[in-house]
Structures are given as C-alpha cells and as structure tokens.
Amino acid sequence: MSGSEVESERRSLDGLLELQEHDSAIDRLRHRRETLPERGVLRAAEATLAELTGRIDVLAGRRDEVGREEQRYDDEARSLEEKAAEVERKMYSGEIASPRELQAMQADVDQLRRHRRGVEDRELAVMEQREAFDREIGALETGATERRAEADRARQSLAEQEGAIDAELGVETAARDELAGATPDELLAEYERCRQRARGIGAARLVGGTCQGCHLSIPTIEAERIRRAPPGTVAHCDNCGCILVP
C-alpha cells in the first residue's frame, strides 16, 4: 500500500469521528426539539382547555334546558294574566248584569291569578337555577380564556424555538451529508450499522485502552492489536460495538 493510500485510509477512519460529531449534534438537536419545555406547557394548556370546554358544553346544555323551562313558565304566567284581564274586562263592561254570574267571574279571576302566582314562583326558582349555571359557566369561560392565551403563547414560543433548532439541524445535516458523501460506501454502511446497535455511537476514538464511545476499557492486548493493524482496518469495541479509531 502506497503512502497516499495509507493516508487515505487513515483519513477515512478519522472522517468517521467527524461524521459522528455531526450525527451526535443532530441527535442532541432532535432530542432538544422534542423536549422543549414549551411543548409540555402547550400540551397541558390544551388538555385543560379541552376539559374546561367539555364542562362548559355540559353546563350550557343544562342551562339551556332550564332556560326553556323558565320561558314555558313565563309564557304560561302571561297567558293566565291575559285570561284574568279578559274576564275582568267583561265584568266591568256592563254586559253582565247578574250578581251571581259576576261573583262567579270574580272567583275565576281570583283562581287564575292564584295559579299565575304559583307559576311565577316556579319560574323564579328556575330562573335562580339558570343564573347559577350562568355564573358557573362564566367562571369556566374565564379559565378557558386564560388557558387559550397560555396555549397561544406556548405555541408561538414553540414555533420560534423549533425554527431556531431546525436552522441548526439544517447546517449540521448539510455538513454531515457532505462528509458521508466522501466516505467509502462499505465503511459508511458499517458505521450506520454500528450506530443502530450502539444507540447512536457508530465510531469513537480509542484512547489508551478506553473506548470514548462507551468509556469502558478493552483488554490491553486487543488495544495494541488495533493500534498495530494495517491502516484502514476496521476494529470494534468489545463492549458497545462501535468502530474504534486509534
């Protein structure tokens, strides 16, 4: 093997370390993107908002039911009063001369108005229920508005943070792709296989008898064998399986 070939083989292995730096940076950036605090804040705000909205919908349905009942009582009370007024109109119109008939009509008026007062009492009770629902719904809507604003702030902040991280990812990915394109196909494929097996670490420097990928020691004899192997020889850490670069 000529001197230039030896140097090329050595550069290929050293290039794996630079490739690993970019891959590790990409992994860190992706992890940071997925674990941004704003993401948790947004999820919590959206979950609370969904819960509040559900409670508001249930209470609004019950309030509307009570509101319809209140309207029925109001309509009934108005109808009773109209009937009583109509009877009174006839009583005082002079059309009825019979005292007995007038007495009966007065009794009807009294009965209609007693009935109306009873209906109005029920209407008042129902109205109080409806107002209680209004107060509860109002408080929940205030909470929902606050959570909605919190979610909007978190969403905006999250978009800004993701944009910044994505820009960094773009730079790292471009540099990584350029290095990968200059790496021999077989060596690159082996590096990728090692990365899958070793939880993201495909290549690491061998310093003394220690793998810098898993920071565990390998036997001294094995470390010496790797150092004395011909340039370009691919050796692996016995512990984590990554490619060792002496």
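Condition check ((1) touching a residue at least 12 places away in the same chain (Cβ under 8 Å); (2) within 22 Å of Gly138 (Cβ to Cβ)) across all residues:
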{"residue": "Leu59", "(1), (2)": "yes, yes"}
{"residue": "Leu102", "(1), (2)": "no, no"}
{"residue": "Met105", "(1), (2)": "yes, no"}
{"residue": "Val109", "(1), (2)": "yes, no"}
{"residue": "Leu112", "(1), (2)": "yes, no"}
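Within the range 66-106, can you find the residues that are part of a helix (DSSP H, G or I), among the hydrophobic types (A, V, I, L, M, F, W, C) and over 19 Å from Ala125 (Cα atoms)?
Answer for the range 66-106, where residues must be part of a helix (DSSP H, G or I), among the hydrophobic types (A, V, I, L, M, F, W, C) and over 19 Å from Ala125 (Cα atoms): Ala84, Ala85, Val87, Met91, Leu102, Ala104, Met105.
When residues of the range 97-133 are filtered for being surrounded by 15 or more Cβ atoms within 10 Å (Cβ to Cβ) and either under 30 Å from Leu52 (Cα atoms) or β-branched (Val, Ile, Thr) (or both), how many remain?
8
What is the one condition in (1) under 13 Å from Leu16 (Cβ atoms); (2) part of a helix (DSSP H, G or I); (3) not β-branched (Val, Ile, Thr) that Ala204 does not satisfy?
Ala204 satisfies every listed condition except (2).
When the residues of the range 45-88 are narrowed to those that are in contact with a Lys or Arg (Cβ under 7 Å, 6 or more places away or on another chain) and of a type in the set (D, E, K, R), which ends up farthest from Glu146 (Cα to Cα)?
Out of the qualifying residues, it is Glu81.
Could you list all residues from the range 9-38 that are out of contact with any helix residue (DSSP H, G or I) (no Cβ under 9 Å at 6 or more places or on another chain) and in contact (Cβ under 8 Å) with a residue 40 or more places away in the chain?
Result: Glu9, Arg10, Asp14, Leu17, Ser24, Asp27.
Would you point out the residue of the range 68-86, among those that are of a type outside the set (Ser, Thr, Tyr) and without any contact (Cβ under 8 Å) to a residue 12 or more places away in the chain, that is farthest from Leu102 (Cα to Cα)?
Arg68
Output the residues belonging to the range 187-215 that are hydrophobic (A, V, I, L, M, F, W, C) and under 40 Å from the mean Cα position of the chain (by Cα).
Passing the criteria: Leu188, Ala189, Cys194, Ala198, Ile201, Ala203, Ala204, Cys214.
Could you check the range 216-240 and list, in sequence order, the residues that are more than 21 Å from Glu18 (Cβ to Cβ), in a loop (DSSP other than H, G, I, E, B) and within 51 Å of the chain's Cα centre (by Cα)?
Leu216, Ile218, Pro219, Asp238, Asn239
Looking at Glu178, Glu190, Glu146, Glu141, which one is buried (at least 17 other Cβ atoms within 10 Å of the Cβ) and in a helix (DSSP H, G or I)?
Glu190
Just so you know, all these numbers are worked out from the coordinates, no wet-lab data involved. Just so it is clear, the structure is predicted and the values come from calculations on it, not from any experiment. Glycine also receives a Cβ, built like all others from the backbone with ideal geometry; neighbour counts cover every protein chain displayed.
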